[in-house]
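Scroll down for the structure; my scribbles are underneath it.
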């Protein structure tokens, strides 16, 4: 019996089991279960194709006509029967994020999006990409400018800029911070489907590295992000961006940092040497984020401590099967924001999603990317619902600044 077939069946079967029933303890098993389960959870079609290919080859080679072969084929059949459940859970992401947007922005949120910001908002899955090209690849229309220095700390103070080749004027900005528990990770490793989509739509996107533990502790990581924000505002015009519209996003620990930066904008204690720089942001996007205190430090390291009534809009997306950052952490932060902030808070809890769901062009992540684009379009439109035409004439209602309806 070929070892390759046995390993393939065992890996996909275990990944399917862990996708359906995530493991939290003991830690070594939980880590293996997380990695195998994530791949199957986000790439069920690739998993099924790989399983069928190896099974067909085993039958063609006559390797199934023995007890071990029949056992492996039976496990493969059971795994193939479980993968549709994984797909069905992933398909639930789109209605979930639609509901979250309506709950956080209002039932007429789509009507409030200005026409010039609404291009590309989709209601259906791009199945060809999900099935045939699930792994991120930079589009031909997007240019990457790599390894630009934004601070004095060598390679950890480097960022990449992604922008459309046409370099449109007045483009909105998005800064993304990677995860890794503040101990590991690198730019351009997470949320690449999101960065590529936005850059393709005319955004200017920044993906930045920052200093990690144990070299530095909090708030040094946060100061790094504020340096990135300040650098981006100073240099964005060179890439066709409007520094007045700047979103900050993060995955896992990056979401923690993005939230803290947005809620402590302009704090001179967190901007040593660049105290007067504008580090405010337009809105925050947190993906599978951690929002608790930093490694046992006090409440000042927790984003909830810094929430005020004038907090910017937040979009938080988390998986209900996350074994790295429990979903209760994200729920609590969303509740804390809603209790204090006067701004919109959109919280979407994805059925069956694990940590790091933002890695691939998957059913789930494509729905999330659509939600991010829709949320950003709403924020850029100031959330104003246009008034309907006058019933009698079909013309637009008079603007508020011209109550008499006279021509200018």
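The values are calculated or read from the model by the stated rules, or taken from the named source; none is laboratory data. Quick caveat, the model's predicted, so the values are computed rather than measured. Counting neighbours? That spans all protein chains shown, and the Cβs are built from the backbone with ideal geometry, glycine included.
Summary table below
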quantity: Hits in the range 111-141 - residues which are part of a helix (DSSP H, G or I) and under 21 Å from residue 46 (Cα atoms); calculated: 127, 128, 129, 130, 131, 132
quantity: Selection from the range 179-197 of residues that are touching a strand residue (DSSP E or B) at 6+ places or on another chain (Cβ under 6 Å) and within 15 Å of residue 324 (Cα to Cα); calculated: 179
quantity: Extreme residue, surrounded by the fewest Cβ atoms within 10 Å (Cβ to Cβ), among residues of the range 18-34 that are at pLDDT 95 or above and part of a helix (DSSP H, G or I); calculated: 20
quantity: Qualifying residue in the range 77-84 (condition: assigned by TED's automatic domain parsing to the domain that holds residue 363, within 28 Å of residue 324 (Cα to Cα) and in contact (Cβ under 8 Å) with a residue 40 or more places away in the chain); calculated: no
quantity: All positions within the range 326-354 that are assigned to a loop (DSSP other than H, G, I, E, B) and touching a helix residue (DSSP H, G or I) at 6+ places or on another chain (Cβ under 7 Å); calculated: 344, 351, 352, 353, 354
quantity: Total residues in the range 124-147, condition free of Cβ contacts under 8 Å to residues at least 60 places away in the same chain, surrounded by fewer than 15 Cβ atoms within 10 Å (Cβ to Cβ) and under 17 Å from residue 362 (Cα atoms); calculated: 5
quantity: Some residue of the range 96-110 being at pLDDT below 95 and in a helix (DSSP H, G or I); calculated: yes
quantity: Residues (part of a loop (DSSP other than H, G, I, E, B) and in contact with a strand residue (DSSP E or B) (Cβ under 6 Å, 6 or more places away or on another chain)) located in the range 152-170; calculated: 165, 170
quantity: Test: residue in the range 290-298 that is in a helix (DSSP H, G or I) and surrounded by 21 or more Cβ atoms within 10 Å (Cβ to Cβ); calculated: no
quantity: Filter result for the condition that a residue is buried (at least 22 other Cβ atoms within 10 Å of the Cβ) and assigned to a helix (DSSP H, G or I), over 234, 224; calculated: 224
quantity: Looking only at the range 266-289, and only at residues there that are buried (at least 19 other Cβ atoms within 10 Å of the Cβ) and assigned to a loop (DSSP other than H, G, I, E, B), the one that is farthest from the chain's Cα centre (by Cα); calculated: 271
quantity: Residue 343 being surrounded by fewer than 24 Cβ atoms within 10 Å (Cβ to Cβ), assigned by TED's automatic domain parsing to the domain that holds residue 282 and under 21 Å from residue 303 (Cβ atoms); calculated: yes
